[in-house]
Amino acid sequence: CALPICYIQGDGIYGTVTFSQASAFATTIIDANIKGLPQGKHGISINVFGDLSNGFQRLGPHYNPMGKQHGPPDSDDRHVGSLGNIESDGSDAKLHLEDTHVQVIGPYSVIGRSVVIYEKEDDLGKGTTKQSHINGNVGYPIAAGVIGIACNL
């Protein structure tokens, strides 16, 4: 019955991000379906805290238990929480990732953490500024949700 899921909410933005992992060493499948995002690419990440008690102020930085630099989702040298970009046509946005860093099962599980969508495109750590290496110059959060467990009936 358990399904790791995150319900995303923001100003006119809503949707789900689901996670599935068959075993502790298996690839995690991440599927996002978001409505209401402005047209274009938007950075998406898993952040340390799942605390929405003060809007988006207490979500913390990207989840980075290995102490790595920010990078693209297909890189081995990246934050666990660096998921790249989700692209919207102005109405719908979908993302499908098969990720070897994100864990649902295991000591670095993302359950209880947050998924955050940002106003700007993630430069994937390839920019020249310090901020590029921290979060990809994504700007401010515009939507977020806490990763929890739901019953999939």
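The values are calculated or read from the model by the stated rules, or taken from the named source; none is laboratory data. Keep in mind the model is a prediction, meaning the values are calculated, not measured. Cβ sites come from the backbone with ideal geometry, for glycine too, and all protein chains shown count toward neighbours. Surface areas here come from the heavy atoms of the whole protein model, side chains and all, with no ligands, DNA or RNA. Shrake-Rupley method; radii C 1.70, N 1.55, O 1.52, S 1.80 Å.
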Worksheet, complete the sentence: By my count, strands (runs of 3 or more DSSP E) wholly in region 33-115 with at least 3 residues that are in contact (Cβ under 8 Å) with a residue 60 or more places away in the chain, within 11 Å of the chain's Cα centre (by Cα) and closer than 18 Å to residue 19 by Cα are 40-47
Response to the item:
Looking across region 116-125 at residues that are open to solvent by less than 40 Å² (accessible area, probe 1.4 Å) and part of a loop (DSSP other than H, G, I, E, B), the single one that is nearest to residue 40 (Cα to Cα) is 122
Discussion item. Among the residues of region 29-40, are any in contact with a helix residue (DSSP H, G or I) (Cβ under 8 Å, 6 or more places away or on another chain), of a type outside the set (Lys, Arg) and on the phi < 0 side of the Ramachandran plot?
Written reply: no
Worksheet item: Which of the residues belonging to region 102-115 are of a type in the set (A, V, I, L, M, F, W, C) and open to solvent by less than 30 Å² (accessible area, probe 1.4 Å)?
Response: 102, 104, 110, 115
Item to complete: Specify the residue that is surrounded by the most Cβ atoms within 10 Å (Cβ to Cβ); the eligible residues are those in region 6-26 that are outside any strand (DSSP E or B), at pLDDT below 95 and in contact with a strand residue (DSSP E or B) (Cβ under 8 Å, 6 or more places away or on another chain).
Response: 21
Worksheet item: Within the group 75, 82, 88, 53, which residue is touching a helix residue (DSSP H, G or I) at 6+ places or on another chain (Cβ under 9 Å) and on the phi < 0 side of the Ramachandran plot?
Response: 82
Worksheet item: Can you tell me which residue in region 127-146 is farthest from residue 82 (Cα to Cα), limited to those that are in contact (Cβ under 8 Å) with a residue 12 or more places away in the chain and open to solvent by 70 Å² or more (accessible area, probe 1.4 Å)?
Response: 140
